Amino acid sequence: MRPEVSVITVTYNQAGTIARTLDSILAQECDFDYEIVIGEDCSTDDTLDICRRYAACLLYTSPSPRDRT
């Protein structure tokens, strides 16, 4: 699958809102393939964990820079 649209979300310390943001993106009705790209900048709250929970349900995820070291 090659997406026609990329939805890019950049986040830092947004544990209180990132799930609502992702739910809103996923709730959109469309007739084309899309990808969600999350730029997570080493948050010190639970933002990364929440993003990972969503990513676990997806087809492909790239590793976090924290996972590479």
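What to note about this one:
- Accessible area of Val10 (1.4 Å probe, protein heavy atoms only, ligands and nucleic acids ignored): about 120 Å².
- Length added when fully stretched, Cys57-Cys42, from 0.36 nm per residue minus Cα-Cα: 3.3 nm
- Placing a label point 7 Å from the Cα of Leu26 along the Cα-to-Cβ direction, the residues of the stretch 1-19 whose backbone N falls under 13 Å from that point are 18-19.
The values are calculated or read from the model by the stated rules, or taken from the named source; none is laboratory data. Keep in mind that this is a model prediction, so the values were computed, not measured. Every residue, glycine among them, receives a Cβ derived from its backbone with ideal geometry; neighbour counts consider all protein chains shown. Note: accessible area is taken over every heavy atom of the protein model, side chains too, but ligands, DNA and RNA are not part of it. Shrake-Rupley method; radii C 1.70, N 1.55, O 1.52, S 1.80 Å.
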